[in-house]
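Below is one structure, written out as structure tokens; comments come after it.
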Amino acid sequence: MERTAELTPKSIRDEIANTKDFVGVTGRITINEQRNAVKPAVVVKVDGTVNRYVTTITP
């Protein structure tokens, strides 16, 4: 919302579509042509009450 000149649904949508390499909590995020987030996926194994990091899969 800070990047757009006006706070209309169309301008906000367009600015979200222009997102490239945004540094988020789970890694860098880019929005593709289909408006999907392209970002790494973290795999965690849940063993009872213990969560264990397994790997990160990068697209």
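The values are calculated or read from the model by the stated rules, or taken from the named source; none is laboratory data. As the structure is a prediction and not an experimental result, all values here were calculated from the model. With ideal geometry, Cβ positions are generated from the backbone for all residues, glycine too; neighbour counts draw on all protein chains shown.
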## Note on the structure
Exactly one of Ile29, Ile12 is touching a Lys or Arg at 6+ places or on another chain (Cβ under 6 Å) and either outside any loop (DSSP other than H, G, I, E, B) or within 15 Å of Ile57 (Cα to Cα) (or both), and that residue is Ile29
### Message
Please go through the stretch 26-40 and give me each residue that is among the hydrophobic types (A, V, I, L, M, F, W, C) and under 19 Å from Met1 (Cα atoms), ordered by number.
### Response
Ile29, Ile31, Ala37
### Message
Based on this model, can you work out whether Ala5 counts as surrounded by fewer than 11 Cβ atoms within 10 Å (Cβ to Cβ), without any contact (Cβ under 8 Å) to a residue 40 or more places away in the chain and of a type in the set (Gly, Ala, Ser)?
### Response
yes
### Query
So which residues in the stretch 22-32 are surrounded by fewer than 10 Cβ atoms within 10 Å (Cβ to Cβ) and modelled with pLDDT of 90 or more?
Val23
### Message
I need a count of the residues in the stretch 21-59 that are among the basic types (Lys, Arg) and either in contact with a Ser or Thr (Cβ under 8 Å, 6 or more places away or on another chain) or touching a residue at least 60 places away in the same chain (Cβ under 8 Å) (or both).
### Response
1
